[in-house]
Amino acid sequence: MSLPAGAPASAKKRDLISILDVAEDLPALLKRASGLRKLRHEGKLPRPLEGRSLAMIFEKPSTRTRSSFELAMVELGGHAVYLSTKDMQLGRGETIADTARVLSRYYHAVCYRAFRWQDEEELAKWASIPVINALDDREHPCQIVADLQTLWDRWRGKFEGRQLAYIGDGNNVLRSLMLGSAVVGLNFVAAIPPAYRPEAAVVEKAKALAQQHGSSVEIVDTPKAAARGSDAIYTDVWVSMGDEAEAAQRKEAFHGFQVNELLLGHANEGAFALHDLPAHRGEEITDGVMDGEQQAIWDQAENRLHAQKAILELLVAKAGAKPQARARRSK
Ligand code: CP
Ligand code: NVA
């Protein structure tokens with residue numbers, strides 16, 4: 001798996017494929033997402049996407065991502081259309097490139113939940129409108145904007161001196177979380193079984209970014225070592241969508257990599273658990289943690305909506321994204 005390339009500097013439209021595509025915007029995005037949360041709680045809904053539309057292509061199931069994108073578009077004054085690949089011509093062999101060309105004539109932006117990151121990049125390559133990664137097998141950037149917003153709110157806008165631990169699989173969520181933490185200057189430590197660690201290149205990239213931003217990134221062997229000195233502990237499922245064939249061996253490999261009350265006890269005072277959801281209760285996290293007070297999981301889920309709005313404002317409203325006009329014929 002190659003390192004996320006980020007958007008080419010020459011591109012006129014802005015894609016969000018890797019969290020690094022919004023690296024420089026992250027502080028403003030978190031602040032705006034937090035502000036949008038406050039506004040919504042006061043019943044105020046700004047509508048900067050009046051008349052704009054979003055195509056939402058999903059190859060895999062979704063509860064939060066689909067709901068938050070669709071609702072974000074509606075509340076911002078726009079419109080969203082859900083397209084399951086089971087029902088699209090894409091599922092019958094129409095190419096991603098042709099799909100991208102057509103959608104670019106209708107919509108102002110497209111979000112895409114894909115099995116393969118190569119397909120995510122293919123769509124971005126051919127679409128003339130922004131492509132937003134709604135999860136692929138390499139990254140889950142929109143999730144991480146909401147996660148960092150949750151931490152930003154809890155820690156009143158300060159990441160300096162804080163430590164986030166991640167326990168479990170070196171998957172899409174881990175990659176985006178590690179890179180995103182490095183960019184905002186949050187110390188990051190992950191406990192991942194050796195066979196499930198991400199590529200060395202992405203770890204090195206995160207370490208270099210962390211150094212630039214005055215923080216650190218570390219991979220350790222045990223959950224206890226990661227929990228020590230941490231202010232929050234994040235986990236994700238052991239078996240991601242697409243990994244189902246490996247379920248039995250994964251459950252064995254991740255045995256002991258569970259976020260439970262005992263593990264939280266090794267973390268700093270006031271530490272809390274995070275999970276992007278859906279959770280497999282009793283595997284990577286216990287009922288006690290999910291249903292207890294030492295978690296910010298439900299805030300995280302709510303923040304998907306606010307974060308999605310901030311992302312759409314940035315990539316669609318502020319960047320002035322619009323459907324591609326028909327090319328003028330030369331005489
Ligand atoms: N966290 C997340 O992306 O959830 P969904 O799969 O329900 O969208
Ligand atoms: N790592 C999980 C995240 C689900 C939101 C998966 O890819 O299935």
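One table, with the values for the structure above:
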{"item": "In the range 43-64, the residues that are within 16 Å of ligand 2 (Cβ to nearest atom), touching a helix residue (DSSP H, G or I) at 6+ places or on another chain (Cβ under 7 Å) and not basic (Lys, Arg)", "result": "MET56, PHE58"}
{"item": "Residues satisfying the stated conditions in the range 244-275, i.e. surrounded by fewer than 18 Cβ atoms within 10 Å (Cβ to Cβ), charged (D, E, K, R) and either touching a residue at least 12 places away in the same chain (Cβ under 8 Å) or over 22 Å from THR63 (Cα atoms) (or both)", "result": "GLU246, LYS251, GLU252, GLU261, GLU269"}
{"item": "When residues of the range 286-312 are limited to those that are more than 16 Å from ligand 1 (Cβ to nearest atom) and over 17 Å from GLU75 (Cβ atoms), the one surrounded by the most Cβ atoms within 10 Å (Cβ to Cβ)", "result": "VAL289"}
{"item": "Residue in the range 121-128 that is over 29 Å from THR286 (Cα atoms), touching a Leu at 6+ places or on another chain (Cβ under 6 Å) and of a type outside the set (A, V, I, L, M, F, W, C) present", "result": "no"}
{"item": "Hey, ARG37 more than 20 Å from SER18 (Cβ to Cβ), touching a residue at least 12 places away in the same chain (Cβ under 8 Å), within 20 Å of the chain's Cα centre (by Cα) and in a helix (DSSP H, G or I) or not", "result": "yes"}
{"item": "Neighbours by Cβ (under 6 Å, 6+ apart or cross-chain): first from the range 177-196, over 25 Å from ASP21 (Cβ atoms); second assigned to a loop (DSSP other than H, G, I, E, B)", "result": "ALA191/THR222; TYR196/ASP169; TYR196/GLY170"}
{"item": "The range 57-78, subset more than 25 Å from LYS44 (Cβ to Cβ) and surrounded by 16 or more Cβ atoms within 10 Å (Cβ to Cβ), residue nearest to the chain's Cα centre (by Cα)", "result": "SER62"}
{"item": "Candidates LYS31, LYS60, LYS44 - the one that is closer than 23 Å to GLU139 by Cβ and in a loop (DSSP other than H, G, I, E, B)", "result": "LYS60"}
{"item": "Residue count for the range 152-173, restricted to those that are more than 13 Å from ligand 2 (Cβ to nearest atom) and surrounded by 24 or more Cβ atoms within 10 Å (Cβ to Cβ)", "result": "4"}
{"item": "Odd one out for LEU103 among (1) without any contact (Cβ under 8 Å) to a residue 60 or more places away in the chain; (2) exposed (fewer than 15 other Cβ atoms within 10 Å of the Cβ)", "result": "(2)"}
{"item": "Yes/no for ASP137 being closer than 19 Å to ALA114 by Cα and surrounded by fewer than 24 Cβ atoms within 10 Å (Cβ to Cβ)", "result": "yes"}
{"item": "Members of the range 231-261 that are under 17 Å from THR286 (Cα atoms) and near ligand 2 (Cβ under 10 Å from one of its atoms)", "result": "ASP236, VAL237, TRP238, VAL239"}
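Table: residues versus (1) more than 30 Å from PRO198 (Cβ to Cβ); (2) not basic (Lys, Arg).
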| position | (1), (2) |
| --- | --- |
| ALA28 | no, yes |
| GLY51 | yes, yes |
| ARG101 | yes, no |
| ARG105 | yes, no |
| VAL110 | no, yes |
| ALA114 | no, yes |
| TRP126 | no, yes |
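Bear in mind that the values in this text are calculations on the coordinates, not laboratory data. What you see is a predicted model, and the numbers here were worked out from it, not measured in a lab. Cβ coordinates were reconstructed from backbone atoms using ideal geometry, including for glycine residues, and neighbour counts include every protein chain displayed.
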